[in-house]
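The values are calculated or read from the model by the stated rules, or taken from the named source; none is laboratory data. Values in this document were obtained by computation on a predicted structure and should not be read as measured data. Please note: Cβ atoms are built from the backbone with ideal geometry, for glycine as well, and neighbour counts cover all protein chains shown. Only protein heavy atoms, including side chains, enter the accessible area calculation; ligands, DNA and RNA are left aside. Shrake-Rupley method; radii C 1.70, N 1.55, O 1.52, S 1.80 Å.
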Amino acid sequence: MSYYFAIIGTQDNPLFEHEFGTSKQGGDGIARFPEQARHMNQFIVHSSLDIVEEVQWGGGQMYLKCIDRFYNNYVSCFVTGGNVKFLLLHAPSQPAGANQNRASTSIAANPTSPQTEEAIKQFFTEVYENWVKTIMNPFYQVNMEVKSPVFRGRVAAAGKKYL
């Protein structure tokens, strides 16, 4: 499965972006988005912001689960207390429903399964902890892009650990 992770600020501006692939079940951690569709990732994530704003006030949860689907791409969301949105675009390595054997319970084969939702929730929780540490830096200003290689490394490590 390929992943595109974006942190969107309170003014709907991108604060951080990272693209990676699955490291579970023999994955190499490299995103496998088709080259002609790679430029669409940012568009897909930003187009789901309207849905996020509708859903976030309905339940009071920080983790909003899978909120949007665009063809074979799924968008999951986590909203912080400061209204910063963590969006994860995940694209299965094969079309959902194409493989109905025993492996279909794996995270990479079924993007809406409870196991996948739990793994994404744990990923978001760990990134959120690192996000809080990053924005507590006295030199960080609200809605400023995060360029820290340490933060990028921690996001990559969380992705490798959970996804």
Going by accessible area, probe 1.4 Å, with all protein chains left in place, what is the ranking of T125, T134, largest first?
T125, T134
Tell me, what is the FRET efficiency for Q11 and E35 to the nearest 0.05, using R0 = 22 angstrom and their Cβ-Cβ distance as r?
0.10
Which value, in Å² and to the nearest 10, is the accessible area of Y128 when all protein chains are kept and the probe is 1.4 Å?
60 Å²
Solvent-accessible surface (1.4 angstrom probe) belonging to K161, in square angstrom, nearest 10
110 Å²
Contour minus end-to-end for V132 and T112, with contour as 0.36 nm per residue of separation and end-to-end as the Cα-Cα distance?
4.4 nm
Once all protein chains are kept in place, H46 shows an accessible area at probe 1.4 Å, nearest 10 Å², of 60 Å²
For D68, D12, D50, give the ranking by accessible area with the largest first, probe 1.4 Å.
D50, D12, D68
Label point distance in nm, H46-A157, each placed 7 Å from Cα along Cα→Cβ
3.2 nm
